1. What is the calculated FRET efficiency for F317 to A280, with r their C-beta to C-beta distance and R₀ = 60 Å, to the nearest 0.05?
2. What net charge is computed for the residues neighbouring Y654, neighbours being all others with C-beta under 12 Å from the C-beta of Y654, Lys and Arg scored +1, Asp and Glu -1?
3. Grab the Cα-Cα distance for D29 and V43, subtract it from 0.36 nm times how many residues apart they are, and report the gain in nm with one decimal.
4. Taking +1 at the Cβ of each Lys and Arg and -1 at the Cβ of each Asp and Glu, which of F222, V208, S194 sits farthest along the dipole of the range 172-252 towards its positive end, judged by Cα position relative to the Cα centre?
5. Peptides 100-106, 161-167, 243-249: what's the order by average Cβ count within 10 Å, highest mean first?
6. Using 0.36 nm per residue, how much length does the chain from A461 to S489 gain when fully extended, once their Cα-Cα distance is taken away?
7. How far apart, in nm, are two points set 7 Å out from the Cα along the Cα-to-Cβ line at S623 and at E244?
8. How much space per residue, in cubic angstrom, does the convex hull of the C-alpha atoms of the chain take up?
Amino acid sequence: MSKSLFIAEKPSVAQEFAKALKLNTSRKDGYLESENTIVTWCVGHLVTMSYPEAYDPALKRWSLDTLPFLPEDFKYEVIPSVKKQFDIVSGLLNRKDVETIYVCTDSGREGEYIYRLVAMMAGVKDKEQKRVWIDSQTEEEIIRGIREAKSLSEYDNLSASAYLRAKEDYLMGINFSRLLSLKYGNAVSNYLGSRYQAISVGRVMTCVLGMVVRREREIREFVKTPFYRVLGKFELQGHSFEGEWRATQGSRYFQSPLLYKENGFKKKETAKELAELLSANPPLQAVVEKIERKKENKNPPLLFNLAELQNECSRLFKLSPDETLKIVQELYEKKLVTYPRTDARVLSTAVAKEIQKNIGGLRSFVHVGAYAEEILAGQMYKNLLKTRYVNDSQITDHYAIIPTGQGLLALQAVSGTARQVYDLIVRRFLSIFYPPAVYQKMMLELEVGGEHFFSNFKILAEEGFYKVTGIPGTKKGKTDEEEESVPDSELFDRLQKLKKGDLVLAEDFEIREGETSPPKRYNSGSMILAMENAGQLIEDEELRAQIKGSGIGTSATRAEILKKLIHIKYLTLNKKTQVITPTLMGELIYDAVNHSIRSLLNPELTASWEKGLTLVANGEITSEEYMQKLEQFIAGRTNGVIGLNNQYQLKACYDKVSPYYKTTYQTSKKS
């Protein structure tokens with residue numbers, strides 16, 4: 001009797017497939033078997049690329065003479081620690097009674113690569129191979145994925161891009177790490193007073209290091225400039241409010257060289273002169289010159305992709321990207337949320353049509369059940385297909401992270417932090433069914449003694465989706481954003497009644513000192529967003545959604561890259577604040593790369609490599625074209641660095657940064 005073989009990425013997922021298929025299985029060593037079905041699993045990667053010494057034992061010794069290392073055919077080997085499971089899987093893949101193989105590894109580039117390597121090493125031939133592609137681990141989704149499984153060959157382009165990504169990381173890592181270690185490793189170790197260690201270089205990793213070091217140097221070199229603003233304190237029927245002076249046309253100081261900007265002076269004395277001039281003849285009356293009133297709609301934000309969730313969890317819960325990924329992966333495996341390693345922030349049309357199932361399941365989630373009930377009772381989901389939250393063209397592999405509406409009992413078995421992350425995902429999801437929040441905004445222009453003062457007010461008129469997510473600035477809607485002045489409702493009502501020509505009492509004028517601010521250091525969340533946007537940190541959530549293009553790394557790899565840089569002590573992460581800074585070693589290695597293979601530090605170039613892999617996955621360019629460009633890049637840069645003799649120049653760079661790490665540097669020198 002012929003059998004079907006299901007191969008998952010890990011044992012827990014295999015169990016879910018067996019459960020969904022309602023199989024009466026017997027447990028074997030490394031697999032489950034029933035009358036006509038076998039379910040087995042990998043344990044992550046079972047196969048890896050071989051080190052250079054597998055090609056030639058002489059390559060074990062690092063030497064400039066053997067670079068660049070560009071093999072014509074790549075070698076692979078079974079990872080020794082998982083050889084037993086590989087042998088089991090290989091035997092099952094080649095069993096004579098197995099006719100159809102269902103590939104159930106993670107639905108993404110890395111999951112595809114895991115299976116393809118195993119199938120290649122196992123020598124799978126003459127079997128029907130089908131790809132199961134799912135967005136969550138609920139029983140319905142697993143059954144749908146099996147029912148709609150396509151021929152594995154339809155994913156050959158994705159497989160090709162996965163192989164290329166691995167080859168690219170391997171070749172850049174092997175060649176450039178050996179190259180820079182041989183050229184600069186001794187100099188860096190001697191300078192640090194430490195024993196020799198290799199310089200670790202990677203396509204994405206080195207680029208991220210560059211982003212952090214450049215930002216640190218911008219902060220160091222930043223010169224704060226003080227400036228002085230004049231603020232008026234005004235009184236309206238017993239209520240006080242402030243207005244900011246600006247040098248508008250007609251002002252004594254319009255376009256004056258004494259100004260820092262139109263709303264401040266370079267010197268305190270000038271600001272003081274203006275304040276004294278305006279205060280000269282009390283009691284002072286301010287005339288209402290202009291009033292602008294308008295309503296502003298604030299739409300619910302787009303749904304979470306992994307990068308946005310990592311940023312939000314860093315901000316709210318001080319979680320590192322790696323910690324967030326582990327939590328959301330656990331929630332996925334417990335069927336609570338959809339596939340986490342996604343770049344999309346919207347839903348597919350197919351999912352949107354069935355969305356009431358997801359909402360319905362949340363009625364029993366104690367914190368938001370009432371909102372789910374309200375959405376269903378009012379059929380607030382009916383127009384979802386016409387909104388910006390549904391867009392098939394913005395989805396590559398998977399749609400946004402949303403709750404499945406299932407598995408709520410499993411919440412009892414997860415940590416308190418995991419429950420907070422789940423609550424965050426649920427509230428973001430339910431918020432899209434609510435109307436925008438509506439603000440009443442008001443701009444007031446007052447004239448005193450020929451000078452003009454401006455006040456901006458903003459009050460929440462309709463809470464809209466904030467009902468679910470919380471109002472920004474409150475505990476539930478915690479935010480770091482600065483808002484316009486939020487007056488009490490009594491003052492706002494009085495301000496609303498003002499009209500042009502009305503008089504307001506000017507109580508006092510004060511000088512407020514400010515200073516220009518340096519750029520902010522990256523924290524773990526903003527770094528993930530900057531990586532997603534090719535090194536450009538865009539603070540505004542709406543703008544990020546509009547300009548999104550190719551990023552550095554992928555949603556699946558960014559957290560791991562950051563974690564590695566911290567582990568090898570090129571960067572440090574403050575666990576309390578999640579702020580990232582370079583170490584002295586990180587800065588020295590940055591300088592070595594900057595004076596040898598500068599293009600590795602270029603986010604746009606790194607993003608273009610990632611875009612090239614996407615083009616291969618989409619069938620727009622061939623693997624051969626990509627590989628040719630890659631080999632030319634590696635050979636050209638390697639040969640260029642071999643000819644360099646710039647250690648003395650680098651010593652000057654090291655001397656420039658070491659004073660900023662005086663304590664660490666002196667300690668390492670003594671040890």
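The values are calculated or read from the model by the stated rules, or taken from the named source; none is laboratory data. If you're wondering where the values come from, they're calculated on a predicted model, not measured in any experiment. Cβ atoms come from the backbone with ideal geometry, glycine included; neighbour counts cover every protein chain shown. For the accessible areas, the whole protein counts, side chains as well, though only heavy atoms, and no ligand, DNA or RNA atoms are used. Shrake-Rupley method; radii C 1.70, N 1.55, O 1.52, S 1.80 Å.
1. On the way: r = 54 Å, r/R0 = 0.90.
Result of the calculation: an efficiency of 0.65.
2. -1
3. Value of the extension gain: 3.7 nm.
4. Positive-end residue among those listed: S194.
5. On the way: 100-106: 22.7, 161-167: 20.7, 243-249: 18.6.
Ranked by mean Cβ neighbours within 10 Å, highest first: 100-106, 161-167, 243-249.
6. Length gained, A461 through S489: 9.1 nm.
7. 5.8
8. About 204 Å³ per residue, rounded to a whole number.
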